[in-house]
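To keep things clear, I will list the structure first and then write my remarks on it.
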Amino acid sequence: MLGLSLALPFLVAQSAVAFAPNAGQHRRSSALFMSGVDRNPNFAKLAGGYLFPEIGRRRTAYLEENPDQADRIISLGIGDTTQPIPTHILSGLVEGSSKLGTKEGYSGYGAEQGRGDLREKIASSLYNGIIAADEVFVSDGAKCDIMRLQQMFGQGVVSAVQDPSYPVYVDTSVMMGQTGDIDETSRQYDNIVYMPCTSENNFFPDYASLPRADIVYFCSPNNPTGVAATMEQLTSLVETCKERGSILVFDAAYAPFIRTEGVPKSIFEVPGAKEVAIEVNSFSKYAGFTGVRLGWTVIPAELTFKDGTPVRQDFNRVMTTAFNGASNIVQSGGMACLDSEGLAEINTLIDYYLENASMLREAMESIGYTVFGGTDAPYVFVKLPEGTSSWDAFSDILAKAQVVTIPGAGFGPGGEGYLRLSAFAPRDSIVEACERLKAAMS
């Protein structure tokens, strides 16, 4: 051991020399070097930065100008969970990690589609057996799977999105080359079908009256509006997709927040959906796994492309080619999530965040604002006074109350005139934010 301890500093020193760049490599060239590779032109079409980093940039800029306000900042912005992972669920992560330190428990690469027992448990515990285990693909999150689906669909499809909606659907469509340029007046991309979701139509689009799309992205409960679609509404959407030959990509990441009786938590509760729909989901909001990363996508055996090829066959090829499977540690945590104890812990977490949402909703209503969401979702969508820019409202509230919100315009042109408030902050921050918002927005 003594010999090894004496050798280690030498090895570290030698390693540092071996990997250190030559001093000459630090010298700047007098001329700017550029490669001979053309930039992907689709990235040049993207409008500004992705929404949430842009919020962070503006928050940072504010604090650089007002460093004395740093301790006062409360974030009701990005939907990032803040409560610790509960005890039983955490024990699954700990057990998964500990096993790697034993000869008997060590595991290396696993199935790219996920552990068989976890796929079985998702199918039985969350879907009551209405889908099969081999239709479940375990992954590192719903957002990542949306891009994987886009890679599978390719460049030649037309997508439809709710307006407003989660920006990933639009941005990945642009990156894949499915769109034309953005119209600077409408702030909409050519070759995307924007489905208006307004208070007048209860934030549910009339897809049947709009141009046909190959792929229809739909999120319920919706981000940012917080509105959950009813069984009647989803039945009509499934029927329209079937009539038009569209594939419906249903984002159910906020499903556990649904408390209203009879509102579907999965698109597969709707008759006929297995012939037209894909569902993406995630443990991020269920169990505080936003940083842990575990999700899944369900592709039924009945769903096929125009030539009869099963869709899940091609998605399986994407997963096996470009993904080595979710972390075995994290999948152990997923197993614990779906134990009876884990499901009870998830319900407790969801109740906590829904109470936060109720407080935000009541605060806004108490000063006269019209509010949507906040009952079956962790988001409160606040209608601003007529003519008020949502980015101006964001800046004004940040300056007056040191509360970070999300401007509705960041979710598409249909979100202009609204603010989204996230209920994922700790309770004491929610209480304080409510008082500050009432003072700043009255």
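List every residue pair whose Cβ atoms lie under 6 Å apart, where the two residues are 6 or more positions apart in sequence or sit on different chains, the first residue falls within the range 280-306 and is without any contact (Cβ under 8 Å) to a residue 60 or more places away in the chain, and the second residue, located anywhere, is part of a strand (DSSP E or B) and surrounded by fewer than 24 Cβ atoms within 10 Å (Cβ to Cβ).
Sorted first by the residue in the range 280-306, then by its partner, the pairs are T304/P310.
Sort out for me the helices (runs of 4 or more DSSP H) sitting completely within the range 269-374 that have 3 or more residues that are of a type in the set (A, V, I, L, M), more than 30 Å from G108 (Cβ to Cβ) and at pLDDT 95 or above.
The qualifying helices (runs of 4 or more DSSP H) are 340-366.
Within the range 83-114, restricting attention to residues that are over 25 Å from the mean Cα position of the chain (by Cα) and hydrophobic (A, V, I, L, M, F, W, C), which residue is most open to solvent (accessible area, probe 1.4 Å)?
V94
With (1) surrounded by fewer than 16 Cβ atoms within 10 Å (Cβ to Cβ); (2) among the hydroxyl-bearing types (S, T, Y); (3) touching a residue at least 40 places away in the same chain (Cβ under 8 Å) as the list, and T185 as the residue in question, which single condition is left unmet?
Against the list (1) surrounded by fewer than 16 Cβ atoms within 10 Å (Cβ to Cβ); (2) among the hydroxyl-bearing types (S, T, Y); (3) touching a residue at least 40 places away in the same chain (Cβ under 8 Å), T185 comes up short only on (3).
Of the residues L398, L419, which is outside any loop (DSSP other than H, G, I, E, B), in contact with a Ser or Thr (Cβ under 6 Å, 6 or more places away or on another chain) and at pLDDT 95 or above? Steps first, answer last, please.
Details: L398 fails: in contact with a Ser or Thr (Cβ under 6 Å, 6 or more places away or on another chain).
Exactly one of L398, L419 is outside any loop (DSSP other than H, G, I, E, B), in contact with a Ser or Thr (Cβ under 6 Å, 6 or more places away or on another chain) and at pLDDT 95 or above, namely L419.
Per-residue answers, yes or no, for (1) open to solvent by 40 Å² or more (accessible area, probe 1.4 Å); (2) among the β-branched types (V, I, T); (3) touching a residue at least 40 places away in the same chain (Cβ under 8 Å):
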{"residue": "R312", "(1), (2), (3)": "yes, no, yes"}
{"residue": "G325", "(1), (2), (3)": "no, no, yes"}
{"residue": "M335", "(1), (2), (3)": "no, no, yes"}
{"residue": "T348", "(1), (2), (3)": "yes, yes, yes"}
{"residue": "Y352", "(1), (2), (3)": "yes, no, yes"}
{"residue": "A357", "(1), (2), (3)": "no, no, yes"}
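Within the range 359-404, restricting attention to residues that are over 14 Å from K438 (Cα atoms) and of a type in the set (D, E, K, R), which residue is surrounded by the most Cβ atoms within 10 Å (Cβ to Cβ)?
Checked the range 359-404; the qualifying residue surrounded by the most Cβ atoms within 10 Å (Cβ to Cβ) is D376.
Please go through the range 64-82 and give me each residue that is of a type outside the set (D, E, K, R) and exposed (fewer than 15 other Cβ atoms within 10 Å of the Cβ), ordered by number. Break it down into steps so the answer makes sense when it comes.
In the first step, residues of the range 64-82 are kept if they are of a type outside the set (D, E, K, R); the result is 66-67, 69-70, 73-79, 81-82.
Result: N66, P67, Q69, A70.
Quick one: would you say P205 is at pLDDT below 95 and within 22 Å of the chain's Cα centre (by Cα)? Spell out the reasoning first.
On the way: at pLDDT below 95: no; within 22 Å of the chain's Cα centre (by Cα): yes.
For P205, the condition - at pLDDT below 95 and within 22 Å of the chain's Cα centre (by Cα) - is not met.
Does I329 fit the bill of being open to solvent by less than 10 Å² (accessible area, probe 1.4 Å) and either under 18 Å from the mean Cα position of the chain (by Cα) or among the β-branched types (V, I, T) (or both)?
No; evaluated as a whole, the condition is false for this residue.
Part of a loop (DSSP other than H, G, I, E, B) and touching a residue at least 24 places away in the same chain (Cβ under 8 Å), is that true of S107? Give the derivation first.
Details: part of a loop (DSSP other than H, G, I, E, B): yes; touching a residue at least 24 places away in the same chain (Cβ under 8 Å): yes.
Taking the combined requirement at face value, the residue satisfies it.
Looking at (1) surrounded by 23 or more Cβ atoms within 10 Å (Cβ to Cβ); (2) not in a loop (DSSP other than H, G, I, E, B); (3) not hydrophobic (A, V, I, L, M, F, W, C), which is the one condition that is false for Y166?
The one condition Y166 does not meet is (2).
The values are calculated or read from the model by the stated rules, or taken from the named source; none is laboratory data. A quick note: this is a predicted structure, and the numbers were derived from the prediction, not measured. Note that each Cβ is placed from the backbone with ideal geometry, even for glycine, and that neighbours are counted across all protein chains shown. Remember, those area values only see protein heavy atoms, side chains included, never the ligands or the DNA or RNA. Shrake-Rupley method; radii C 1.70, N 1.55, O 1.52, S 1.80 Å.
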